[in-house]
Amino acid sequence: MRVVKEAEERKNEILDAAERLFGTKGFDGTSTNDILNEIGIARGTLYYHFKSKEEILDAMIGRMTDQLLAKAEAIVTRKDVPVLQRFTMMMLALNVSEGKFDQELLEQVHRPQNALMHQKMERRLLCGITPVMTALIEEGIAQGICQTDYPEETAEMTFLYANTVFDDLMEHSEEERRRKIEAFIYNLERLLNMEPGSMREAVIPIFSRRQIRNSRLKNGGFYA
């Protein structure tokens, strides 16, 4: 057991160093030598755990997204909280700026030269959040809150649209943003066969939080 624990600790040490370096120098600007020098280990030790820098990236993104998804899953299982309120809480839980992650790294994720990091994170989040959101939609169906024959596909479309159109890499005027939020609510309600306005209270807080976050970014604050 001790050997396994030590190996896991070393692996996390490498990932911690990679997060710091990718955050300050970018993925492309960081070499495996940089990581070795940061930790003070031999190249053989690094390659025992990771065969390449890309493999380190995969593990790093996996660790970050797994923590986010764990928070989202914990929220969805809280049956004492109304379904629509859990939807809001779940989406906010996926906001990486709310956690302990290195903000410099998150800024790097959204830079054009680090598109690979951004793509890998989005793909992993989609695969992880779809079954979680599907379970929430199915619970809503059982309670008569919504109705759809395609809960999984609705979950995929909801996450993909929200994560793509409202991504921080997309630049919208205030009017464009307002219209897209209204369109998102309008179409989500129709996907779920809900009365007009049913999702407004659940969705608006998600975008309000993002707007506050982006304002802080412009003023030298955090980024996600």
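The values are calculated or read from the model by the stated rules, or taken from the named source; none is laboratory data. Since the model is a prediction, treat every value here as computed from it, not as a measurement. Cβ atoms come from the backbone with ideal geometry, glycine included; neighbour counts cover every protein chain shown. Side chains included, ligands, DNA and RNA excluded: accessible areas come from the protein's heavy atoms. Shrake-Rupley method; radii C 1.70, N 1.55, O 1.52, S 1.80 Å.
Among the helices (runs of 4 or more DSSP H) lying completely within the stretch 97-193, list those that include at least 1 residues that are surrounded by fewer than 16 Cβ atoms within 10 Å (Cβ to Cβ) and modelled with pLDDT of 80 or more.
The helices (runs of 4 or more DSSP H) meeting that bar are 115-142, 151-165, 174-191.
With the checklist (1) open to solvent by 70 Å² or more (accessible area, probe 1.4 Å); (2) outside any loop (DSSP other than H, G, I, E, B); (3) under 24 Å from His118 (Cα atoms) in hand, flag the one item Arg10 doesn't pass.
(3)
Conditions: (1) open to solvent by 20 Å² or more (accessible area, probe 1.4 Å); (2) under 28 Å from Ala115 (Cβ atoms); (3) without any contact (Cβ under 8 Å) to a residue 40 or more places away in the chain. Arg20 meets all but one. Number of the miss?
(3)
Under 7 Å between Cβ atoms, which residue pairs at least 6 apart in sequence (or on different chains) link something in the stretch 52-64 that is part of a helix (DSSP H, G or I) with a partner that is open to solvent by less than 30 Å² (accessible area, probe 1.4 Å) and among the small types (Gly, Ala, Ser)?
Ile56/Ala18; Met60/Ala18
Would you say Leu46 is over 18 Å from Lys120 (Cβ atoms), in contact (Cβ under 8 Å) with a residue 24 or more places away in the chain, part of a helix (DSSP H, G or I) and open to solvent by less than 30 Å² (accessible area, probe 1.4 Å)?
yes
Just to be sure before I move on: is Ile204 part of a helix (DSSP H, G or I), within 17 Å of Arg86 (Cα to Cα), modelled with pLDDT of 60 or more and not polar (S, T, N, Q) in the structure I sent?
Answer is yes for this residue.
Report, by residue number, each residue of the stretch 142-155 that is over 17 Å from Leu92 (Cα atoms) and in contact with a helix residue (DSSP H, G or I) (Cβ under 7 Å, 6 or more places away or on another chain).
Gln143, Ile145, Cys146, Gln147, Thr148, Pro151, Glu152, Thr154
Would you tally the residues in the stretch 113-146 being small (Gly, Ala, Ser) and closer than 18 Å to Gln85 by Cβ?
So the answer is 4.
For Glu38, which of the numbered conditions (1) open to solvent by less than 10 Å² (accessible area, probe 1.4 Å); (2) in contact with a Leu (Cβ under 9 Å, 6 or more places away or on another chain) fails to hold?
Condition (1) is where Glu38 drops out.
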